[in-house]
Amino acid sequence: DTEVTQTPKHLVMGMTNKKSLKCEQHMGHRAMYWYKQKAKKPPELMFVYSYEKLSINESVPSRFSPECPNSSLLNLHLHALQPEDSALYLCATSGQGKDTQYFGPGTRLTVL
Amino acid sequence: AQSVTQLGSHVSVSEGALVLLRCNYSSSVPPYLFWYVQYPNQGLQLLLKYTSAATLVKGINGFEAEFKKSETSFHLTKPSAHMSDAAEYFCAVSTASKLTFGTGTRLQVTL
């Protein structure tokens, strides 16, 4: 059983739409991450939240807007995306420092 | 900067044969090293991790890896491959708050 859940599992959106991805964890972790993964590539880090504050933004375009409303939830708000943003979006959580990261099942996003 | 290199983007083995997936790391400090497995359209699942305790690390599904500082390696092995092992495998090294992944190795298991 995974303790990191992501919704929705699949999402198709147009370039003018606004949508959100949701991640929820019940592991008591205080660090949460968003990754983007293109086909046949490793995950690329987008954002890191530590104790509900944004600590790392890997120069991600502003059409991606993260939010951490509490220690269990992490959202990724999407607006005016491009077709090249189509990918698998993964959420992960960990304790602090170099602790193991645990991944959710991902959201498969398709931008038309 | 820390990095990992996975030799071989694709490895094919017969069912029942030894699995060996190679990972070499570069790190200026004692590293934390991980192996993750990813099945199609799924997230990453932790197989095992090295955090400076025992150099031989046992993981799930019969996999193990040995940390060799002299060779800067952390190769993943399994004595006998099963069809269900077919997946993408990622080696990763951890710095504070960041995982750096290798490019991945796709394992194919044939009858």
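If R₀ is 41 angstrom, what is the calculated FRET efficiency for the pair A:Lys38 and A:Gln96, using the beta carbon separation as r and rounding to 0.05? Display every interim value, and only then the final one.
Numbers: r = 29 Å, r/R0 = 0.70.
Efficiency for this residue pair is about 0.90.
Diagonalising the gyration tensor over the Cα atoms of the range A:49-112 and scaling each eigenvalue by 5 before taking the square root yields semi-axes of 23, 14, 11 Å, largest first. Each principal axis of the Cα cloud of the range A:10-60 was evaluated for its coordinate range; sorted largest first, these ranges are 34, 23, 21 Å. Mean sequence separation of contacting Cα pairs (under 8 Å, at least six apart), scaled by the length of chain B, corresponds to a relative contact order of 38 percent. Modelled spin labels at A:His26 and B:Glu71, positioned 7 Å past Cα toward Cβ, are 4.3 nm from each other. Extending 7 Å from Cα along the Cβ direction at B:Leu18 and again at B:Ala1 yields two label points whose distance is 3.5 nm.
In a simple Cβ point-charge model (Lys, Arg +1; Asp, Glu -1; nothing else charged), the range B:27-111 has a dipole of about 140 debye relative to its Cα centre. Cross-link partners of B:Lys58 among lysines, defined as those whose alpha carbon lies under 25 angstrom from its own and excluding same-chain residues fewer than eight positions apart: A:Lys98, B:Lys49, B:Lys68, B:Lys69, B:Lys78, B:Lys98. Reducing the range B:4-26 and the range A:44-91 to their Cα centroids gives an inter-centroid distance of 32 Å.
Other protein chain C-beta atoms within 10 Å of residue C-beta, averaged over B:37-47: 5.
Total lysine pairs in the range A:1-47 at Cα distances under 24 Å, for residues eight or more apart or on different chains: 15.
Neighbouring Cβ atoms from other chains, within 10 Å of the Cβ of residues in A:83-90, number 1 on average. Computed with a 1.4 Å probe on the full set of protein chains, the accessible area for A:Trp34 sits at about 0 Å². Listed as lacking a disulfide-compatible partner in chain A: A:Cys68, by the criterion of no other cysteine Cβ under 4.7 Å.
Counting Cβ atoms of other protein chains within 10 Å of each residue's Cβ and taking the mean over peptide A:103-110 gives 3.
Measuring with a 1.4 angstrom probe and ignoring ligands and nucleic acids, B:Ser28 comes out at about 110 Å² accessible. Taking N as the number of residues in the protein assembly as shown, what value does Rg over Cα atoms divided by 2.2 N^0.38 Å take? Rounded to two decimals, the normalised Rg is 1.03. Computed from phi, the 3J(HN,Hα) profile of the range B:7-17 under the Karplus parametrisation 6.51, -1.76, 1.60 (θ = phi - 60°) reads 8, x, 7, 9, 10, 10, 9, 7, 4, x, 7 Hz, with x in place of Gly and Pro.
Could you give the semi-axes, largest first, of the ellipsoid that matches chain A, computed as the square roots of 5 times the alpha carbon gyration tensor eigenvalues and rounded to whole Å?
Value: 22, 14, 13 Å, ordered largest first.
Taking the dipole about the Cα centre of the range B:10-111, with the C-beta of Lys and Arg at +1 and of Asp and Glu at -1, give me whichever of B:Leu76, B:Ala96, B:Gly16 is farthest to the positive side. The residue sitting most towards the positive pole is B:Ala96.
The values are calculated or read from the model by the stated rules, or taken from the named source; none is laboratory data. Just so you know, these numbers come straight off a predicted model, no measurement behind them. Don't worry about glycine lacking a Cβ; one is built from the backbone with ideal geometry, like all the others, and counts go over all protein chains shown. These area figures cover heavy atoms from the full protein model, side chains too; ligands, DNA and RNA do not enter into them. Shrake-Rupley method; radii C 1.70, N 1.55, O 1.52, S 1.80 Å.
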